[in-house]
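Asker: Once you've had a glance at the structure underneath, I'll fire off some questions.
The values are calculated or read from the model by the stated rules, or taken from the named source; none is laboratory data. Quantities reported herein were computed from a predicted structural model and do not represent experimental measurements. Cβ coordinates were reconstructed from backbone atoms using ideal geometry, including for glycine residues, and neighbour counts include every protein chain displayed. To get the accessible areas, we keep the full protein, side chains included, count just its heavy atoms, and leave off ligands, DNA and RNA. Shrake-Rupley method; radii C 1.70, N 1.55, O 1.52, S 1.80 Å.
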Amino acid sequence: MLVMLAGTLVSLSAWRILYAEQYYKLYHEHLYHYPDDTMEDISYLESALKADFVNPLYALAPIKDPTEWERYRDLFSMHVNLKLISCWLTLGSKYDKRTAYFFNAPWKRQNLESLDKAEAAYRAAYAYWDKAKEWSAKAWSLRAIHLDRIEEWETESFRIETADLDYKAIIDDQLARVAKVRADFQKMDKSTY
């Protein structure tokens, strides 16, 4: 009976994740980007986009009025979408075969399957880029408001609005390269190796 009571007390000490900022704090950069770790980060970030925001008292930046709160939420949503793009590009790079070497001909089918996974991951990033641009435009309309502690997010918005940051071009380049490598693999036959 004592063991059951102790087990109940231990489970009661856990805290629930309810808010976007809590999910965002679970996201972290890994030293080695294994696909499972990247998928875990994608899951946390997608949950952050779906969750409600914390009370402004507990935001990641000091908030003093409703206008600052609006800018904070726009910048947060933009930033999370940018992190999701980065995660999908990282995931795609794990399956990407940058070059179709002749000595990989015996594994042509496996390499083509891997390229399919890379392409799917790169294509998934497109939707987040569109959302990031939308949130950046909303935040940009309030650019006169500066929020301490999240200057990095403000810089990201500036780079998007001035076209210095264009993930669409980056994704397009990755997909074009994948198409070229796929074509090179498809040309391979028994005489290649």
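Asker: Of all the accessible heavy-atom surface of the chain, with the other protein chains kept in place and a 1.4 Å probe, what percent is carbon and sulfur?
Answerer: Here it works out to 56 percent.
Asker: Compute log10 of I(q)/I(0) for region 96-193 with the Debye formula, placing one identical point scatterer on every Cα and leaving out solvent, at q = 0.12, 0.15, 0.18, 0.24 Å⁻¹, to two decimals.
Answerer: Rounded to two decimals, the profile gives -0.55, -0.68, -0.81, -1.14.
Asker: Using 0.36 nm per residue, how much length does the chain from Tyr193 to Glu46 gain when fully extended, once their Cα-Cα distance is taken away?
Answerer: 48.5 nm
Asker: A follow-up question, please. Between helix 66-95 and the chain, what is the angle of the helix's C-alpha long axis to the longest principal axis, kept within 0 to 90° and rounded to the nearest 10?
Answerer: The helix 66-95 is inclined about 30 degrees to the chain.
Asker: Here's another thing I want to ask about it. Could you list, in their original order, any pairs among Lys83/Lys180; Lys25/Lys117; Lys83/Lys168; Lys64/Lys138; Lys83/Lys138; Lys97/Lys187 whose Cα atoms are separated by more than 25 Å?
Answerer: Cα-Cα > 25 Å for Lys83/Lys180; Lys25/Lys117; rest within.
Asker: Compute the angle between helix 35-50 and the longest alpha-carbon principal axis of the chain, please, reported from 0 to 90 degrees and rounded to the nearest 10.
Answerer: The answer is roughly 40 degrees.
Asker: Rounded, prolate or oblate for region 25-184? Axes are the square roots of the Cα gyration tensor eigenvalues, ordered a ≥ b ≥ c, and the cut-off for rounded is a/c under 1.5.
Answerer: prolate
Asker: Please compute the per residue accessible area over the chain with all protein chains in place, 1.4 Å probe, rounded to a whole number of Å².
Answerer: Accessible area per residue: 61 Å².
Asker: Something else about it: Zone of Ser141 (label point 7 Å along Cα→Cβ, backbone N under 15 Å): which residues in region 51-77?
Answerer: Backbone N within reach: 67-75.
Asker: Could you state the angle between the C-alpha long axis of helix 2-12 and the longest principal axis of the C-alpha atoms of the chain, as a value from 0 to 90 degrees rounded to the nearest 10?
Answerer: That helix lies at roughly 90 degrees to the long axis.
Asker: Could you calculate the FRET efficiency of Ala169 with Ala14 from 1/(1 + (r/R0)^6), where r is the beta carbon distance between them and R0 is 30 Å, rounded to 0.05?
Answerer: The computed FRET efficiency comes out at 0.10.
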